[in-house]
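Down below is the structure, laid out as structure tokens.
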């Protein structure tokens with residue numbers, strides 16, 4: 001470690017001192033040891049990879065699911081003269097080529113990518129040719145099934161880090177219980193002494209909880225915002241349509257409010273983010289995607305219009321306020337009715353036993369080496385894509401399958417030079433190789449398409465060579481390249497002795513995940529109604545207990561627990577059942593199973609409903625305010 005690390009901090013970032021835990025984590029990394037940083041939101045996790053990235057000789061790969069984090073941090077780094085870039089869906093073809101060229105030739109110090117980027121064989125080929133000094137994984141709790149946001153792609157990141165010979169790994173999260181941290185350490189081979197956890201408590205955040213009814217909530221929110229001094233504000237909601245509706249109501253009341261959610265176009269989301277960062281009183285009404293990694297220290301208010309999905313989500317979202325250390329307010333508008341849609345989405349993610357059996361039969365009827373499209377499997381078996389990936393990951397972890405290198409099934413190119421001009425730039429065998437590739441291209445109007453597997457077999461050349469050649473021609477701007485249709489390779493290592501038993505076990509795993517998610521929702525309710533300091537209870541949940549009550553939460557101020565109003569179960573109109581019966585008769589091939597009808601009526605999307613174009617039917621979501629299990633029971637008894 002440099003003796004003048006403090007000086008490096010001052011020189012590059014303008015800070016006089018490290019925040020708690022930062023120096024320890026950075027010291028481990030500069031000594032070549034992998035580390036974990038469990039810091040609260042606003043605790044300075046990003047510096048733990050940004051400063052080492054400057055001091056280490058190779059490139060630092062930062063893996064994050066958050067485009068907002070990438071864009072915001074890169075703007076700040078570039079302003080400091082640090083060579084940082086990102087690869088995400090918002091880049092044009094020319095921008096992508098420029099970033100990859102700088103990555104390959106070592107001109108970048110930091111490259112931000114999403115976990116899905118490792119599905120890109122072109123990117124992995126480039127990664128193998130580049131010295132990766134640090135492999136930083138943000139939101140590392142996603143690797144753990146015990147975490148609140150398990151993502152199967154994260155389980156493979158440890159393998160990718162080893163494959164690219166990353167010299168050390170940094171795992172970062174703000175929300176890791178003891179079990180989650182153990183999973184992180186095990187996956188990335190981090191020694192116990194290199195897992196640094198700092199305190200969870202932040203004394204500048206007032207944690208306020210108000211019990212409200214659904215019909216009072218809009219008026220109450222407006223009153224609270226108007227009553228308080230203006231300041232940058234985030235209002236978190238569950239659904240995209242709620243974000244738009246609430247933002248419109250606040251805007252109509254004369255407040256500077258905009259909606260933000262994943263359904264907006266990239267340029268609209270970017271414009272909202274830029275507006276919010278520049279504003280000293282802007283209000284963003286957003287789904288949970290907003291705020292992660294955004295470098296805005298003066299957020300004064302975070303409202304939860306809807307109940308959060310878990311204590312982990314709540315802690316992440318409230319943690320985005322008051323990062324400048326100034327007093328800030330986190331106000332939860334607690335309405336028990338929110339449990340209905342939140343539970344419905346959990347139940348909707350759980351595949352039926354029949355669907356899992358169909359999935360298992362399909363997978364083990366294929367050749368030893370096979371490739372699949374997650375999208376196709378999802379539609380075929382009526383299992384949501386995330387669950388398809390999770391089931392395949394379970395089969396890998398149990399030794400039935402081995403995942404291979406994903407690849408694109410479709411390669412298309414548009415020449416920018418005549419083929420003779422391109423070939424004239426090469427000699428000998430390379431020229432002949434490219435000429436043979438071009439001969440196998442099929443032309444449409446202006447784009448040529450290539451079946452890379454077929455061409456590789458015909459020419460008796462490795463597929464990787466074709467990928468590298470096309471990528472090189474694209475970088476040199478001799479042609480424009482498009483890829484699509486990710487297919488995932490697998491090899492069957494063994495077959496189950498009893499496929500029925502295996503399917504039952506996988507279905508049971510899905511039911512256990514469902515129970516965990518429902519349990520997390522109940523934890524939120526129990527925490528709201530708990531007869532004790534709410535902040536201390538949160539700290540205890542994250543293994544960082546407080547020695548005494550905080551003094552600035554609702555319980556500490558009132559010394560009485562918050563009592564939620566009784567949960568409202570909307571009556572089910574008989575006309576709805578009559579309409580549902582008629583619809584079922586019209587689409588027996590789709591709606592024969594009670595659970596599929598329950599999903600439609602509760603507004604829970606599924607591949608089968610999407611394929612049948614039933615998500616736009618008036619009955620879709622008609623019973624969104626009714627518990628999923630109540631609707632399912634009624635459909636089963638019908």
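A Förster distance of 60 Å, applied to the separation of the beta-carbon atoms of residue 116 and residue 220, puts the FRET efficiency at 0.90.
Classify the range 574-637 as rounded, prolate or oblate from the Cα gyration tensor: take a ≥ b ≥ c as the square roots of its eigenvalues, call it rounded if a/c is under 1.5, otherwise prolate when a/b beats b/c and oblate if not.
rounded
Taking 7 Å steps out from each Cα toward its Cβ at residue 98 and residue 17 produces label points 4.1 nm apart.
From least to most packed, judged by other beta carbons within 10 angstrom and beginning with the fewest, 555, 275, 527 follow the order 275, 527, 555. Here Cα Rg over 2.2 N^0.38 Å was calculated from the structure, and among (i) 1.03; (ii) 1.57; (iii) 1.19 it sits at label (i). Judged by the mean number of other Cβ atoms found within 10 Å, the most tightly packed of the peptides 434-443, 571-580, 132-141 leads the ranking 132-141, 434-443, 571-580.
So between residue 449 and residue 522, what do we pick up on full extension, going 0.36 nm a residue minus the alpha carbon distance? Write out the running numbers ahead of the final one.
Details: separation 73, 0.36 × 73 = 26.28 nm, distance 5.23 nm.
This chain segment gains 21.1 nm when fully extended.
Note on the chain: antiparallel DSSP beta bridges, both residues inside, total approximately 30 percent of the bridges counted. Contact order for the range 44-179, expressed relative to its length and based on alpha carbon pairs under 8 Å spaced 6+ residues apart, stands at 29 percent.
Summary of packing: across the peptides 605-613, 422-430, the per-residue average of other C-beta atoms within 10 Å ranks them, highest first, as 605-613, 422-430.
Secondary-structure-derived ellipticity at 222 nm for the chain, considering helices only, amounts to -13500 deg cm²/dmol, per-run term -39500 (n - 2.57) for DSSP H runs with n ≥ 4. Take every Cα pair under 8 Å whose residues are at least 6 apart in sequence, average their separation, divide by the length of the range 574-637, and the relative contact order is 35 percent.
Centre-to-centre separation between the Cα atoms of the range 505-556 and those of the range 241-260: 30 Å. Centre-to-centre, using Cα atoms only, the range 603-619 and the range 25-102 are separated by 40 Å.
Each of 264, 564 was scored by other Cβ atoms within 10 Å of its Cβ. Arranged with the fewest first, they read 264, 564.
A full extension of the chain between residue 569 and residue 281 corresponds to an added length of 99.9 nm, given 0.36 nm per residue minus the alpha carbon distance. You can think of it this way: the chain between residue 405 and residue 431 has 6.6 nm of extra reach, that is 0.36 nm per residue less the Cα-Cα gap. Pairs of Cα atoms nearer than 8 Å and 6+ residues apart set the relative contact order; for the chain it is 14 percent. Protection proxy ranking of 5-18, 314-327, by the mean of other Cβ atoms within 10 Å over each peptide's residues and highest first, is 314-327, 5-18.
Every number in this text was worked out from the coordinates using simple rules, so none of it is lab data. Nothing here was measured: the structure is a model prediction, and the numbers come from that model. With ideal geometry, Cβ positions are generated from the backbone for all residues, glycine too; neighbour counts draw on all protein chains shown.
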